[in-house]
1. Quick check: pseudo-label points 7 Å beyond the Cα along Cα→Cβ at Trp50 and Gln89, how many nm apart are they?
2. With all protein chains present and a 1.4 Å probe, how do Leu84, Leu49, Leu71 order by accessible area, largest first?
3. Relative to the present Cα-Cα distance, how much length would full extension add between Lys32 and Leu81 at 0.36 nm per residue of separation?
4. Could you do me a favour and compute the accessible area per residue for the range 39-93, 1.4 Å probe, result in Å²?
5. Just to verify a number: what accessible area does Val35 come out at with the full protein assembly present, 1.4 Å probe, Å² rounded to tens?
6. Heavy atoms only, probe 1.4 angstrom, no DNA, RNA or ligands counted: give me Phe57, Phe52 ranked by accessible area, highest first.
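The values are calculated or read from the model by the stated rules, or taken from the named source; none is laboratory data. Small disclaimer: the values here were computed from a predicted structure and weren't measured. Cβ atoms come from the backbone with ideal geometry, glycine included; neighbour counts cover every protein chain shown. Remember, those area values only see protein heavy atoms, side chains included, never the ligands or the DNA or RNA. Shrake-Rupley method; radii C 1.70, N 1.55, O 1.52, S 1.80 Å.
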Amino acid sequence: MCLVCVGVLGVFGGWGQERKVGQTEIQSLIRKGEVVQEEAVKGLQILRLWFFGHDGFTTKAEDLMKEKGMLWSTRNDLDGLLKLVGLRQLPDI
């Protein structure tokens, strides 16, 4: 049995923007994931969608990601992971 796993990562926001990710951006990543799934190599069994939203997500966006089984992280999540593995956290710009 051949198991092929693919992750699709969306990144939104950044320093100075201070805007939460909404449903529109989530729906865009979902569409991209569908294209990857249609065009991917044969044997694709797992496709994970993971969205990084620097300043977080709206409630509706989080509800949609939960419904679709997506993964997501915020800057605070990433900083926590970086600290855990002994790397420097993201700078404030």
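1. Roughly 2.1 nm, to one decimal.
2. Leu84, Leu71, Leu49
3. Here the answer is 15.0 nm.
4. It amounts to 71 Å² per residue over the range 39-93.
5. 80
6. Solvent-accessible surface, decreasing: Phe52, Phe57.
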